[in-house]
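> Before we start, here is the structure in question, set down as structure tokens.
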Amino acid sequence: MTQTENYYDVIIVGGGASGLFCASLVGQCGLRVLVIEHTSKAGKKILMSGGGRCNFTNLQVEADNYICANPHFCKSALNGYTQWDFIALVDSYAIKWHERDHGQLFCDNSAREILDMLLSECGKAGVTIETRCEVTQITAGEGYTIETGKGTLASDKLVIATGGLSIPTMHTTPFGYQIAEQFGMRVKSTRAGLVPFMFSDWFREMSEKLSGIAIEVTISTGKHAFTENILFTHRGLSGPAVLQLSNYWEPGETVSIDLIPGDDLEQLFLEEKQTNPKSNLRQLLIQKLPKKLVDLLAQRYWNDETAQSITEIPNRRLTEIAHELHHWELKPASTEGYRTAEVTLGGVDTDDLSSKTMESKTQNGLYFIGEVVDVTGHLGGYNFQWAWSSAHAAAKDLC
């Protein structure tokens, strides 16, 4: 590269959702922009998201949908570029989408449409995207000098959009956190988020037997509860409700599951005793839960009681069984970790970033956007919306 070829107004490290979107916006301002991506293709994680359909945003986006040491930090960016703004962009490309439960928006066809849209926006803005380009060193002077496996680059401004540590098969690295620390910024401890639970006790065998069965429950720990499906797996529990709760669960904590939310089982049992005395609990429960689950619960907790006529079971015992079904206590051994996590909790400390611009408070011209920041959304398109909103906040300042 010649001296003029290797200079850019803005270099963005990371070719994922936030990096590509930020690049397209900055390029549209007439600035010379380069995106550096260390893997073979930009936007790989977009392609695998949402089961290949990309849950690109949500109809109901609030700061309460995000986890951050500073719960107010994300408000400015989310208000500056809303879900409606991104939906308008998607619509301008005639990408068909549909709404699922809880306001989640997915492509009708393929996540590739979202990636192609971002790449098209970058192309129209004259953005250069360099893949298989490993950054080895970054130094700051009047601007930034970036040493890479493909030569030395220079820029006035630098944006770090390197993501987190989730899904190591995508070649994720802690590079973004290291750059933050290099320039005197703090990094909140990281851990896997939106991730299944694993068990090492008796429940492991039970979950293996129930593998593939999904039911809607309310699952909770501490102050947090989610009512959605859980999925029994060979290793433990997954499904939307479990993934949501994993963001709040701490190792060693017990989780409580209401297997039949919305029903008052004690009242139901006592009414059944009056109106249908020849029935048994098993018959009643398999109207509410999968037969295999009822049989395994009975085997572990109730012996032959559920096969008895309901009139033979004392009211006190019916109350106890109802409580057990509404408060099934389980203790995960761990989560499945970064291997299957959808996001990374923690990251660059928001106290060291401007909430309006995403610029570092300790280093002029250095910006952090997307998952590398200590802002983690709930399941349901919120993390993509944070990518779009944080990218827009930085781009607005860069322009």
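The values are calculated or read from the model by the stated rules, or taken from the named source; none is laboratory data. Treat the numbers as computed from the prediction; the structure is a model and nothing was measured. When we count neighbours, we look across all protein chains shown, and the Cβ atoms used for this are built from the backbone with ideal geometry, even at glycine. Heavy atoms of the whole protein, side chains included, go into the accessibility calculation; ligands, DNA and RNA do not. Shrake-Rupley method; radii C 1.70, N 1.55, O 1.52, S 1.80 Å.
> Test of understanding: among 181, 216, 208, which residue is farther than 24 Å from residue 371 by Cβ and either without any contact (Cβ under 8 Å) to a residue 12 or more places away in the chain or in a strand (DSSP E or B) (or both)?
216
> Mind telling me which of the residues 194, 115 ends up being closer than 30 Å to residue 235 by Cα and either assigned by the TED database to the domain that holds residue 67 or touching a strand residue (DSSP E or B) at 6+ places or on another chain (Cβ under 8 Å) (or both)?
The match here is 194.
> Consider the range 251-278. How many of its residues are modelled with pLDDT of 95 or more and surrounded by 14 or more Cβ atoms within 10 Å (Cβ to Cβ)?
Adding up the residues that qualify gives 6.
> If you scan the range 221-250, which residues turn out to be open to solvent by less than 30 Å² (accessible area, probe 1.4 Å) and either within 22 Å of residue 301 (Cβ to Cβ) or part of a loop (DSSP other than H, G, I, E, B) (or both)?
Passing the criteria: 221, 230, 232, 233, 236, 237, 239, 241, 242, 247, 249.
> Answer yes if at least one residue in the range 384-393 is open to solvent by less than 10 Å² (accessible area, probe 1.4 Å), out of contact with any Gly (no Cβ under 7 Å at 6 or more places or on another chain) and outside any helix (DSSP H, G or I), and no otherwise.
No, the range 384-393 contains no residue that is open to solvent by less than 10 Å² (accessible area, probe 1.4 Å), out of contact with any Gly (no Cβ under 7 Å at 6 or more places or on another chain) and outside any helix (DSSP H, G or I).
> If you scan the range 50-97, which residues turn out to be open to solvent by less than 40 Å² (accessible area, probe 1.4 Å) and polar (S, T, N, Q)?
55, 57, 58, 65, 82, 83
> For the range 158-178, what are the residues that are modelled with pLDDT of 95 or more and either in a strand (DSSP E or B) or hydroxyl-bearing (Ser, Thr, Tyr) (or both)?
Correct list: 158, 159, 160, 162, 177.
> Here are the criteria: (1) in contact with an Asp or Glu (Cβ under 6 Å, 6 or more places away or on another chain); (2) surrounded by fewer than 20 Cβ atoms within 10 Å (Cβ to Cβ); (3) within 17 Å of residue 36 (Cα to Cα). Tell me which single one residue 151 does not satisfy.
(1)
> When the residues of the range 107-146 are narrowed to those that are touching an Asp or Glu at 6+ places or on another chain (Cβ under 7 Å) and free of Cβ contacts under 8 Å to residues at least 60 places away in the same chain, which ends up least open to solvent (accessible area, probe 1.4 Å)?
Taking the candidates together, the pick is 107.
> Quick one: is residue 157 open to solvent by 20 Å² or more (accessible area, probe 1.4 Å), touching a helix residue (DSSP H, G or I) at 6+ places or on another chain (Cβ under 7 Å) and closer than 18 Å to residue 26 by Cβ?
Yes; evaluated as a whole, the condition is true for this residue.
> Among the residues that make up the range 291-298, is at least one of them loosely packed, with under 13 Cβ neighbours inside 10 Å and among the charged types (D, E, K, R)?
yes
> Further, regarding this structure: Every residue in the range 190-220 that is open to solvent by 60 Å² or more (accessible area, probe 1.4 Å), closer than 24 Å to residue 382 by Cα and more than 18 Å from the chain's Cα centre (by Cα), please.
The answer is 216, and nothing else.
> Yes or no: the range 346-353 includes at least one residue that is over 30 Å from residue 384 (Cβ atoms) and either touching an Asp or Glu at 6+ places or on another chain (Cβ under 8 Å) or open to solvent by 70 Å² or more (accessible area, probe 1.4 Å) (or both).
no
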